């Protein structure tokens, strides 16, 4: 990320370097607020504006995918190299990457569907494995999200 930022003529500050480090190989799909709290631990003078600005610039450069998954806060996915979709837990809010296999044929123009897909957003909602251990299985997932 740092190399690409510099190549685009953008400043690479210590705060931005720390944001890049936190995003590298991050599978948690963090919010800007989460990243801010982690950066703030090491750099108390960092502002939330700096975090948002950096994430927006990374999004414009195609280095993170901003995700609107509900819950009030934008999530940021640094996994831009692999086609994938997302599983969202309606109980704890965790987000997990998932490969939908044959569905990617449609996205990549290798199917009988005569449609050029330029962007796909498939979000599967349910209850993650950890929450299933805590929540009775007979309970409807929509009831789970209403009770939280």
Just a yes or no: is a residue in segment 36-43 more than 25 Å from residue 72 (Cα to Cα), outside any helix (DSSP H, G or I) and at pLDDT 95 or above? yes
Restricting to segment 44-69, and then to whatever is in contact (Cβ under 8 Å) with a residue 24 or more places away in the chain and assigned to a helix (DSSP H, G or I), can you tell me which residue is farthest from the chain's Cα centre (by Cα)? 50
Out of all the residues in segment 116-148, which are at pLDDT below 70, over 20 Å from residue 74 (Cβ atoms) and part of a loop (DSSP other than H, G, I, E, B)? 136, 137, 138, 139, 140
Output for segment 70-90, where each listed residue is farther than 18 Å from residue 58 by Cα and in contact with a strand residue (DSSP E or B) (Cβ under 8 Å, 6 or more places away or on another chain): 70, 84, 85, 86, 87, 88, 89, 90
Residues that are surrounded by fewer than 12 Cβ atoms within 10 Å (Cβ to Cβ), under 30 Å from residue 16 (Cβ atoms) and modelled with pLDDT of 90 or more: does segment 49-58 have at least one? yes
Starting from segment 14-43, take each residue that is touching a residue at least 60 places away in the same chain (Cβ under 8 Å) and list its partners that are part of a helix (DSSP H, G or I), counting only C-beta distances under 8 angstrom and pairs at least six apart or across chains. 28/34
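The values are calculated or read from the model by the stated rules, or taken from the named source; none is laboratory data. Here the structure is a predicted model, which is why all the values come from computation and not from measurement. Quick reminder, even Gly has a Cβ in these numbers, built from the backbone with ideal geometry, and neighbours come from all protein chains shown.
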